[in-house]
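The structure appears right after this line, and notes come after that.
The values are calculated or read from the model by the stated rules, or taken from the named source; none is laboratory data. Note that the structure is a prediction, hence the values are computed from the model and not measured. Neighbour counts run over all protein chains shown; Cβ positions are idealised from the backbone, glycine included. Side chains are part of the model used for accessible areas, which takes the heavy atoms of the whole protein and leaves out ligands, DNA and RNA. Shrake-Rupley method; radii C 1.70, N 1.55, O 1.52, S 1.80 Å.
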Amino acid sequence: MAEAKFRTPKGTHDVLPEDQRYMTYIKKAVRHRARQAGYQRIDTPLFEKREIFERGIGEHTDIVEKELFMVSAKQKEGDAEFVLRPEFTASVCRSYIEHSMNQLPQPVELYSIGPLFRHDRPQKGRYRQFHQFNFEIIGLRDPSLDAQLIKVITKIFTDLQILDRLKLQINNIGTSENRKAYTEALKDFFIGKERNLPEIDRGRLKVNPLRLLDSKEEDTHILLKSAPSLEQFLDDESKEYHATVLEYLEELGIPYEENISLVRGLDYYTQTVFEFWDQSTGAQNAVGGGGRYDGLIELLGGKPTPGVGFAGGMERIIWHMKEAGVKAPHKDQVDVFIAQLGPEAKKKCLTLISELRDIGVHTIGVLGETSIKSQMRHADRFGAKYTILMGQIEVKEDTIILRDMAAGKQKQIPFKKAVPEIIKLLGKKNLDTYTLKDHLGEIDED
Ligand code: HAM
């Protein structure tokens with residue numbers, strides 16, 4: 001990489017054209033599957049009141065405690081604190097309440113795509129600005145909704161050709177009452193044993209004991225072997241709910257692995273939680289995760305309203321697609337390069353370029369002052385299929401020279417034949433035309 005005075009901030013990266021193709025591919029798959037299943041797009045602001053995430057995700061979670069990016073403007077005493085959004089779910093629920101979406105037919109199914117911000121220690125697959133696609137189903141509680149959501153996600157991973165690299169981990173962590181009782185039992189169990197816990201987990205035991213279950217520390221896991229298990233604290237309703245979700249997954253032909261240690265890092269979850277793990281490396285690199293959050297809307301000041309959702313990490317998905325050798329199809333090829341010499345030719349080429357573009361031919365016209373030879377080298381580097389050349393002689397004769405770059409052959413034709421000839425060569429069906437009418441429903445392009 002070239003020595004540069006300014007670089008992207010730590011943990012962030014430019015999404016260069018090559019990766020844009022993957023991003024677009026993922027977005028297209030998401031939009032398509034979302035439409036098929038009745039989800040509608042929602043965009044929320046990039047920043048929100050800190051309290052929304054504090055209440056929703058939980059005050060003592062890593063995300064809220066350590067990873068929020070503060071948004072500072074000139075503030076007066078008593079002003080609300082704003083943070084860059086670290087996830088979509090709490091914002092979408094805030095919006096559900098704010099816009100009285102409980103008046104709409106339930107469930108309300110919403111999806112989002114965009115950047116999120118977490119001030120985490122950057123490492124492979126973990127960035128400070130990253131992208132998710134996110135699904136939420138709000139307003140109804142039924143195990144078939146959990147299963148349907150998971151099915152839509154597996155379809156997207158199939159479209160992106162990475163499903164066979166992933167495995168679905170699923171668990172039920174019970175109601176918040178179940179968890180409260182379990183948390184107390186876990187705290188009791190560790191009385192007198194704190195010294196044996198690694199420092200990081202001693203801290204967790206105090207503020208968020210459930211996180212011990214998915215600790216990365218081996219010593220913690222040894223101790224947990226004789227600790228009470230969360231499963232013992234689940235009420236019958238949760239057990240039945242879980243069994244039904246699993247039954248529906250089987251009905252849908254979705255392989256899963258039950259994982260009683262899966263608790264997820266956000267406090268709002270109740271009952272179903274799940275993640276898609278990398279088959280080979282496991283939890284560290286989950287490409288996505290989600291679950292049910294039946295208490296979240298109430299926590300944010302709404303009426304008790306159930307919800308279930310999922311978010312996929314787009315950078316990690318792109319990594320998998322590249323590893324699997326998946327090529328992102330794109331339409332970025334250059335059809336025609338225009339090379340010209342002299343002021344008259346330049347003038348004529350201006351309209352030719354505009355005309356070609358209008359009929360859907362990808363056309364590059366640099367229109368500089370360099371020699372035809374160096375412009376031809378340019379055309380080569382752009383990978384243009386055809387080059388149209390126009391010098392003083394061609395202007396005089398009202399012709400152009402049309403060169404087939406791959407074949408290395410060229411011919412001289414009348415200027416007015418240039419456009420129809422290019423259409424013939426490329427084929428009408430390959431022209432990149434776009435009318436809003438044909439793409440209704442796809443106007444959410446970014
Ligand atoms: P999450 O597990 O925090 O869940 O994030 C979901 C996915 O986003 C992760 O599995 C990962 O692929 C990606 N991700 C998270 N943090 C980073 C990071 N720092 N760098 C790169 N990728 C990252 C949620 O965000 C929940 N809101 C999901 C959800 C929706 N639950 C219910 N509805």
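Given the residues ILE260, ILE297, which is the only one that is at pLDDT below 95, within 20 Å of ARG179 (Cα to Cα) and more than 11 Å from the ligand (Cβ to nearest atom)?
After ruling out the rest, the residue left standing is ILE260.
From the set of residues in the stretch 320-367 that are open to solvent by less than 40 Å² (accessible area, probe 1.4 Å) and more than 28 Å from GLN20 (Cβ to Cβ), which is farthest from the chain's Cα centre (by Cα)?
GLY342
Answer with yes or no whether GLY313 is at pLDDT 95 or above and either within 18 Å of the chain's Cα centre (by Cα) or of a type outside the set (A, V, I, L, M, F, W, C) (or both).
Yes: the conditions hold for GLY313.
Please work out if GLU258 is touching a strand residue (DSSP E or B) at 6+ places or on another chain (Cβ under 7 Å) and open to solvent by 20 Å² or more (accessible area, probe 1.4 Å).
In short, yes.
This table checks each residue for (1) under 15 Å from the mean Cα position of the chain (by Cα); (2) open to solvent by less than 50 Å² (accessible area, probe 1.4 Å).
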position	(1), (2)
ASP19	yes, yes
HIS32	yes, no
ARG41	yes, no
LYS49	no, no
ILE57	no, yes
ALA80	no, yes
SER100	no, no
PRO115	yes, yes
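Is it the case, given these coordinates, that PHE6 is hydrophobic (A, V, I, L, M, F, W, C) and either in a strand (DSSP E or B) or open to solvent by 80 Å² or more (accessible area, probe 1.4 Å) (or both)?
Yes; evaluated as a whole, the condition is true for this residue.
Restricted to the stretch 64-78, and to residues that are surrounded by fewer than 20 Cβ atoms within 10 Å (Cβ to Cβ) and of a type in the set (A, V, I, L, M, F, W, C), which residue is farthest from PRO209 (Cα to Cα)?
Filtering the stretch 64-78 for residues that are surrounded by fewer than 20 Cβ atoms within 10 Å (Cβ to Cβ) and of a type in the set (A, V, I, L, M, F, W, C), the one farthest from PRO209 (Cα to Cα) comes out as ALA73.
Mind telling me which of the residues GLY309, GLY313, GLY291 ends up being open to solvent by 10 Å² or more (accessible area, probe 1.4 Å), within 16 Å of the ligand (Cβ to nearest atom) and in contact (Cβ under 8 Å) with a residue 24 or more places away in the chain?
Every option except GLY313 fails the conditions.
Suppose we filter PRO255, PRO228 for residues that are over 30 Å from LEU163 (Cβ atoms) and not aromatic (Phe, Trp, Tyr); which single one remains?
PRO228
Name the residue that is farthest from GLY58 (Cα to Cα), counting only residues in the stretch 270-285 that are within 8 Å of the ligand (Cβ to nearest atom) and touching a Leu at 6+ places or on another chain (Cβ under 9 Å).
Step by step, filter the stretch 270-285, then rank; the result is PHE276.
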